[in-house]
Amino acid sequence: MNTSRVFGFKTMKTLLTNRSRATITSGLRRLACTPSSCPRVCIVGGGPAGFYTAQHLLKAHPAMQVDIYERLPIPFGLVRFGVAPDHPEVKNVINTFTQTAQHERCCFHGNVTVGKDVSVEELKQAYHAVVLSYGAEGNRLLGVPGENLSGVYSAKDFVGWYNGLPCNKDLCPDLSHETAVILGQGNVALDVARILLSPLDILTKTDITQPSLEALAASRVRRVLIVGRRGPLQVAFTIKELREMVNLAGTRPDMVPADFKGIAEVLKDLPRPRKRLTELMMKAVREAPSGEGSTSRQWGFRFLRSPVEVLPTPDLTQTAGIRLGINRLEGSGDGARAVATGETEDIECGMVISSIGYQSLPIDPAVPFDPHKAIIPNAVGRVLKTSGLYCSGWVKRGPTGVIATTMNDSFDTARVLIQDIETGILDISTAKPGSQTVTPLLQKRGVNPVSFSDWEKIDAEEMKRGSVVGKPREKLLDVTEMLKTVHS
Amino acid sequence: MARCVHLQSLLSQHLHSLHLLASRALFSPMAGVRQGLYLPRGLGSWSSRGFSLYHVLNSASQGNSPPEDKVTIHFVNQDGVRTTTSVTEGVSLLNVVITKKIDINGFGACDGTLACSTCHLIFEENIFQKMEPMVDEEVDMLDLAYGLTETSRLGCQVCVQKWMDGMTVQVPKDVKNEKMASTVNQ
Ligand SMILES: Cc1cc2nc3c(=O)[nH]c(=O)nc-3n(C[C@H](O)[C@H](O)[C@H](O)COP(=O)(O)OP(=O)(O)OC[C@H]3O[C@@H](n4cnc5c(N)ncnc54)[C@H](O)[C@@H]3O)c2cc1C
Ligand SMILES: NC(=O)c1ccc[n+]([C@@H]2O[C@H](COP(=O)([O-])OP(=O)(O)OC[C@H]3O[C@@H](n4cnc5c(N)ncnc54)[C@H](OP(=O)(O)O)[C@@H]3O)[C@@H](O)[C@H]2O)c1
Ligand code: FES
């Protein structure tokens, strides 16, 4: 063989960038791809569930084409709009999501609300399968009088506000009162408590939004009570988040030692995670300084209390306090039930944040929805009584679980889908057009999808604005502004 | 918190390749990854260099294996598949999995910053006993791991040492795999 030709070939190979090599390979693959071997799947929702489902589908099937449709011009779901700004390390998952989005067989279409801009039926026509991974956009309601008073917020809105979710940018929570009550004892409750009480110099170095930073700087909130309907052994938060509260500079715990009577005796029988969590809580109770200390900010747990009514100010407009029903526990362990004793107790407060859970909502009448469990009814991710529909993440399991849980359940859904292709349950024998028909349809309806590289423009702009003020990023808060940045 | 050379050491080990990498990154499919997008806490000194861990780890896999590779480790993944690899003393097991491209689904989601527990590994009893005790922060995260056992650790916090030569580490079995096969659509 001619050496110069060999050399030429080698040089060309070395000079090929990874990306162009990837394109060539995918081009070859596409050429070689017969309709029956080229499944097209679309995913609704660009949060962890969507990205992890896509990741596994792409890995497990060499010809799989995946499109992700996301309501916002911005990917990553709750990793951007839920995870607390002072937890940047959690957001490292974005590195893997970015790799997935840039995979040659994956395409991100932001700014598309499925159920409104395009129906699930239309997606089913264009793809062999549709995976619903749209999370939980609503929140559970307290269902008590006074819930709509000014000064009552859902944790979902409050979190959306400090994290820059466009629909929450005008929340302007009233932070002018000394005591805030948070209902619910999960990790979201602790996130909210920590943000309310964190020293400003911690928050200024995060990607918290500038308006919320300014509001928190002027905040008069000094005392945050985190109220649970059950006891210390039933709290839903985890130890890492509790430890952060215990170590939060400038604050001290304000607990009721009597709440922990009898707990020491049962400690030894608890599984390790619950045991360590409870021990840390008891340590905080033991070491809580009594009376007024030098630290002016306090946080504490109140147990066996259910909200009965949010109490209004005399003019009936504002929150003045909350009436809590006192409970006793029936049974023990995780399954213990709160039973009302009929007694009540009032706490004066100017702010009530309801952190009793997010809630998934139906997005399209074509998709079955279980209104009781507020999930899409499914068996390991196969939507019941339908074909070609799958689900993953919070909309599949309900609004609990950390990113790792969401990852595992998304992998499960992807495995099931691949299995269905292999067994023929999912018919891929006819070719499907995918975004080739969906994109023109959207454009005809005046919707301009945002690509992943469009998002990178927003990303660059946010980081530029952040660097000016010494933050990792300054988030854009308005969809119109995001789109303007994309098209500038 | 970390008692052995973790990412920082890996970084210095590969500092020489970072220059090269910076230029290569421009052309790679990873070019769009915003380096230093979300900086892990406490790692500011190296993350401020503007290189994401992802790149560092990738660079390790792209470079030649250092000559001192000499500790043998066997990995058994969630499907029971066994992989044997020979690695340098001092690197964390997370780095091993990534640089040696060991096939473990979703391993190391938080890039080794003690924020995810996806790097959960199960050790042999005798090896586990010999390891340094865990710090609270590792146990805090480990306690959230799926399939926790008495000899579980987080792979991003365990660094390879010579005496570990020949050990087998196991990824928790995916019990759901079997369950799934028996579920049919109704
Ligand atoms: C406040 C908060 C803090 C958290 N902090 C942590 C943490 O620190 N560590 C951790 O491990 N876990 C944390 N979690 C849990 C973690 O965020 C979830 O496990 C995970 O985000 C669930 O993923 P998902 O994709 O199902 O939902 P989501 O993340 O909500 O993603 C759903 C996506 O679908 C999009 N969408 C909705 N409707 C439509 C539609 N009609 N059409 C198109 N797209 C749509 C949404 O815009 C969103 O991007 C936190 C959760 C909350 C609420
Ligand atoms: N740092 C992190 O890792 C992090 C941060 C934030 C969120 N997350 C995860 O995201 C998920 C969601 O968090 P979350 O805090 O929203 O939910 P959660 O963990 O399910 O906690 C909900 C809390 O609300 C209470 N509650 C529910 N219904 C109630 C009612 N009707 N009246 C009174 N109290 C009620 C629950 O008490 P009962 O137990 O009595 O029902 C529980 O204390 C969790 O899995 C969480 O771990 C993780
Ligand atoms: S990689 Fe996340 S905790 Fe180890």
Original post:
Computed FRET efficiency, Cβ-Cβ of A:GLN125 and B:ASN126, R0 56 Å: what is it to the nearest 0.05?
Top reply: 0.40
Original post:
Projected onto the charge dipole of chain A (+1 at Lys/Arg Cβ, -1 at Asp/Glu Cβ, origin at the Cα centre), which of A:ALA236, A:LEU389, A:GLY466 gives the Cα projection farthest towards the positive end?
Top reply: A:LEU389
Original post:
For the Cα atoms of chain A, what angle does the longest principal axis make with the long axis of helix A:18-32, in degrees from 0 to 90, nearest 10?
Top reply: 60
Original post:
Given the Cα-Cα distance of A:ASP157 and A:LYS169 and 0.36 nm per residue of separation, how much length would full extension add, in nm?
Top reply: 3.4 nm
Original post:
How much accessible area does A:GLU244 have with a 1.4 Å probe, in Å² rounded to the nearest 10?
Top reply: 30
**OP:** With an 8 Å cut-off on Cα pairs and a minimum separation of 6 or more residues, tell me the relative contact order of the range A:139-357 in percent.
**Re:** 31
Subject >> Diffusion constant of chain A at 4 °C, which comes from Stokes-Einstein with the Kirkwood Cα-pair radius and 1.567 mPa s, µm²/s >> reply: 52
Subject >> Whole-Å semi-axes of the ellipsoid equivalent to the range A:109-229 (Cα gyration tensor, √5λ, descending) >> reply: 34, 18, 13
**OP:** Hand me the GluC sites (Glu not before Pro) from the range B:125-162 located in a DSSP loop with no more than 16 other Cβ atoms within 10 Å, in residue order please.
**Re:** B:GLU150
Subject >> FRET efficiency, A:ALA217 to A:LYS373 (Cβ-Cβ, R0 56 Å, nearest 0.05) >> reply: 0.85
Subject >> Area of B:LYS173 that stays accessible when all protein chains are in place (1.4 Å probe, Å², to 10) >> reply: 120
Subject >> Nearest-20 debye value, the range A:139-357 charge dipole, Cβ charges on Lys, Arg, Asp, Glu >> reply: 860
**OP:** Given a cut-off of 19 Å, name the pairs among A:LYS91/A:LYS240; A:LYS116/A:LYS385; A:LYS116/A:LYS444; A:LYS396/B:LYS173; B:LYS70/B:LYS162 whose C-alpha atoms lie farther apart than that in the structure shown.
**Re:** A:LYS116/A:LYS385; A:LYS396/B:LYS173
Original post:
For the range A:139-357, what class follows from the C-alpha gyration tensor (a ≥ b ≥ c being the square roots of its eigenvalues): rounded when a/c is under 1.5, otherwise prolate if a/b is larger than b/c, else oblate?
Top reply: oblate
Subject >> Whole-number Å³ per residue for the convex hull built on Cα positions in the range A:298-449 >> reply: 240
Subject >> Radius of gyration, Dmax [the range A:163-277; alpha carbons; angstrom] >> reply: 16.1, 49
Original post:
So what does the Cα-only Debye profile of the range A:44-199 read at q = 0.08, 0.09, 0.10, 0.15 Å⁻¹, as log10 I(q)/I(0), no solvent term?
Top reply: -0.30, -0.38, -0.46, -0.89
**OP:** Could you pull out which residues in the range A:119-147 have an amide N less than 16 Å from a spot 7 Å beyond the Cα of A:ASP427, following the Cα-Cβ vector?
**Re:** A:124-130
Subject >> Rg and Dmax [Cα atoms of the range A:110-173; Å; Rg one decimal, Dmax integer] >> reply: 16.5, 48
Original post:
Taking each residue of A:383-391 in turn, how many C-beta atoms of other protein chains fall within 10 Å of its C-beta, and what is the average?
Top reply: 1
Subject >> chain A - percent relative contact order, Cα under 8 Å, separation 6 or more >> reply: 23
Subject >> Listed residues A:PRO199, A:GLY186, A:GLN210: farthest to the positive end of the dipole of the range A:123-261 (Cβ charges) >> reply: A:GLY186
**OP:** With unit charges on the beta carbon (Lys/Arg positive, Asp/Glu negative), name the residue among A:VAL224, A:THR485, A:HIS103 whose Cα is farthest towards the positive pole of the charge dipole of chain A.
**Re:** A:HIS103
**OP:** Calculate how steeply helix A:272-287 sits against the longest principal axis of the alpha-carbon atoms of chain A, using the helix alpha-carbon long axis, and give the answer as 0 to 90 degrees to the nearest 10.
**Re:** 40
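Using DSSP, restrict attention to beta bridges with both residues in chain A and report what percent are antiparallel, rounded to the nearest 5.
Bridges in chain A are about 40 percent antiparallel.
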Original post:
Are there trypsin sites (Lys or Arg not before Pro) in the range A:221-303 that DSSP marks as loop and that have at most 11 other Cβ atoms within 10 Å, and which are they?
Top reply: A:LYS261
Original post:
In terms of solvent-accessible area of protein heavy atoms at a 1.4 angstrom probe, what is the ranking of A:ASP207, A:ASP427, highest value first?
Top reply: A:ASP427, A:ASP207
Subject >> Virtual spin-label span in nm between A:ALA249 and B:ASP165, 7 Å along Cα→Cβ >> reply: 4.7
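The values are calculated or read from the model by the stated rules, or taken from the named source; none is laboratory data. Nothing here was measured: the structure is a model prediction, and the numbers come from that model. So basically every Cβ, Gly included, is an ideal-geometry build from the backbone, and we count neighbours across all protein chains shown. Please note that ligands, DNA and RNA were not included when accessible areas were found on the heavy atoms of the full protein model with its side chains. Shrake-Rupley method; radii C 1.70, N 1.55, O 1.52, S 1.80 Å.
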